[in-house]
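Enquirer: Handing you this structure, nothing more for now.
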Amino acid sequence: MVRKWKKKDVKEIKKLLEETPVIGITNMYKIPGPQLQNIRKDLHGKADIRMSRKTLMLRAIDKAEREGIDKLKEHLKGEAAFVFTEMNPFKIYSYIQENKSSAPAKAGDIAPNDITIKKGGTGIDPGPAIGKLQNAGLKTSIDDGEIKIVKKSKIVEEGEKITSEVAAALKMLGMKPMEIGLSLKTVWEDGNIFKSDDLDIDVEEYKDNIQLAYQRALNLSINTGYVTDENIRLLLAKAWNESKALALESGYPTKENIQDLLRMTHEKTKSVKSKVEEVS
C-alpha cells in the first residue's frame with residue numbers, strides 16, 4: 001500500500017515538473033496547518049503547492065524529462081515544497097510576499113528582520129511589566145501613570161534567535177514581528193534559476209528606472225540625429241523648426257514662412273520710421 005502511494009506521488013510530481021512553466025521551491029518550516037489551508041485557498045487558480053517526502057521529490061526530478069530541471073535538486077533543502085504556477089517568477093514572488101500575515105514571536109523563532117522598539121509611551125500600567133521589558137534590554141521609566149521606553153533600542157538583529165524574554169516583551173507591546181506565509185527560496189523557468197534576492201525588486205522603482213533610461217536614450221538619439229521608429233516624428237519636427245528658424249534669420253522666403261517674414265519686415269520698417277521721425 002505504501003509502495004503504491006510513493007509511486008503515485010512521484011508520478012504526479014514528475015508530470016507537474018514536466019508541464020508547468022514556472023516552478024518554485026518554498027520553505028514550509030513552522031507554517032501552522034490552518035494558515036497553510038488559507039494560503040492554499042488564496043493561491044487557488046494562481047499556483048499549486050505540492051509537498052512530499054524529500055526522497056520522492058528528488059526522485060521525481062530525476063525522472064522528469066525536461067532540460068535543466070535537475071538544477072532544482074541542490075535547492076531542495078529543509079522542509080521544502082514545490083510551487084507550480086503559470087505566473088512569471090517576479091509576479092509569483094511579489095504576490096506571495098504581499099500576502100504574508102503578521103504573527104507574534106515565540107521563543108526560539110528566528111527574526112526575519114531587525115526588531116527595534118521606538119522611544120515613547122507603551123500604554124502599559126506600571127508593575128511587573130517593567131521588569132519584563134528591562135529583561136528584554138529596554139530602558140524604561142514611569143511617566144503619567146504608564147511605562148515609557150526611554151531610548152530607541154534594537155533588541156534583536158535579523159537572523160538572530162528570539163529569546164523568551166524578548167518574546168514576552170514583544171507580546172506586551174503588541175508587536176507581531178514574525179511573518180506567516182510562503183517564502184520562495186528558488187524559482188525555475190526555462191532552465192534558469194532565480195534566487196529570492198534576484199526576485200525581490202521594487203516594481204515601481206524598476207518601472208521608473210526603465211522610463212528614465214528610455215527618456216535618456218530618446219534624448220541622445222535626437223541630439224545625435226540617430227533615426228529610429230520611436231523618434232522619427234520628433235526628429236522631423238526638430239528639423240522643421242530649425243530650418244524654419246534658419247530661413248527666417250537669413251530672410252529666405254518660402255510658402256511656409258512668408259507671413260512671418262512680412263510681419264518681421266513690417267516691424268523693422270516701423271522701427272526705422274520711428275527713429276527717422278525722432279531725428280527729424
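The values are calculated or read from the model by the stated rules, or taken from the named source; none is laboratory data. The shown structure was predicted, so the numbers you read here are calculated from the model rather than taken from an experiment. Here Cβ is always computed from backbone atoms with ideal geometry, including for glycine, and neighbour counts include all displayed protein chains.
Enquirer: I'd like the full set of residues that are closer than 16 Å to A168 by Cα, in contact with a helix residue (DSSP H, G or I) (Cβ under 9 Å, 6 or more places away or on another chain) and among the β-branched types (V, I, T), limited to region 108-155.
Expert: Answer for region 108-155, where residues must be closer than 16 Å to A168 by Cα, in contact with a helix residue (DSSP H, G or I) (Cβ under 9 Å, 6 or more places away or on another chain) and among the β-branched types (V, I, T): I115, I117, T122, I124, T140, I147, I149, I155.
Enquirer: Could you check, for region 71-92, whether at least one of its residues is among the β-branched types (V, I, T), within 30 Å of L173 (Cα to Cα) and buried (at least 18 other Cβ atoms within 10 Å of the Cβ)?
Expert: no
Enquirer: If you check every pair at least six apart or on different chains, which have Cβ atoms under 9 Å apart with a residue in region 94-120 that is on the phi > 0 side of the Ramachandran plot first and a residue that is modelled with pLDDT of 85 or more and assigned to a strand (DSSP E or B) second?
Expert: G108/K161; G120/K148; G120/I149
Enquirer: Here's a follow-up. Residue check: is G68 assigned by TED's automatic domain parsing to the domain that holds I149 and out of contact with any helix residue (DSSP H, G or I) (no Cβ under 8 Å at 6 or more places or on another chain)?
Expert: Criteria not met by G68.
Enquirer: I would also like to ask the following. Sort through S164, S221, S141 and tell me the only one that's of a type in the set (S, T, Y) and within 25 Å of G78 (Cβ to Cβ).
Expert: It is S164.
Enquirer: Could you tell me which of the residues G123, G159, G131, G108 is at pLDDT below 90 and loosely packed, with under 12 Cβ neighbours inside 10 Å?
Expert: G159
Enquirer: When you go through K14, K41, K4 one by one, which is the residue that is surrounded by 16 or more Cβ atoms within 10 Å (Cβ to Cβ) and either among the charged types (D, E, K, R) or not assigned by TED's automatic domain parsing to the domain that holds K185 (or both)?
Expert: The match here is K14.
Enquirer: Sticking with this one: For region 187-231, name all the residues that are surrounded by 11 or more Cβ atoms within 10 Å (Cβ to Cβ), among the aliphatic types (A, V, I, L, M), without any contact (Cβ under 8 Å) to a residue 40 or more places away in the chain and assigned to a helix (DSSP H, G or I).
Expert: Of everything in region 187-231, those that are surrounded by 11 or more Cβ atoms within 10 Å (Cβ to Cβ), among the aliphatic types (A, V, I, L, M), without any contact (Cβ under 8 Å) to a residue 40 or more places away in the chain and assigned to a helix (DSSP H, G or I) turn out to be A217, L218, L220, I222.
Enquirer: If you don't mind, there's one more thing I want to ask. Which residue is nearest to the chain's Cα centre (by Cα), if the candidates are limited to region 232-280 and must be in a helix (DSSP H, G or I) and among the small types (G, A, S)?
Expert: A237
Enquirer: Could I ask something else about it? Can you tell me which residue within region 44-77, out of those that are charged (D, E, K, R) and part of a loop (DSSP other than H, G, I, E, B), is farthest from S183 (Cα to Cα)?
Expert: E65
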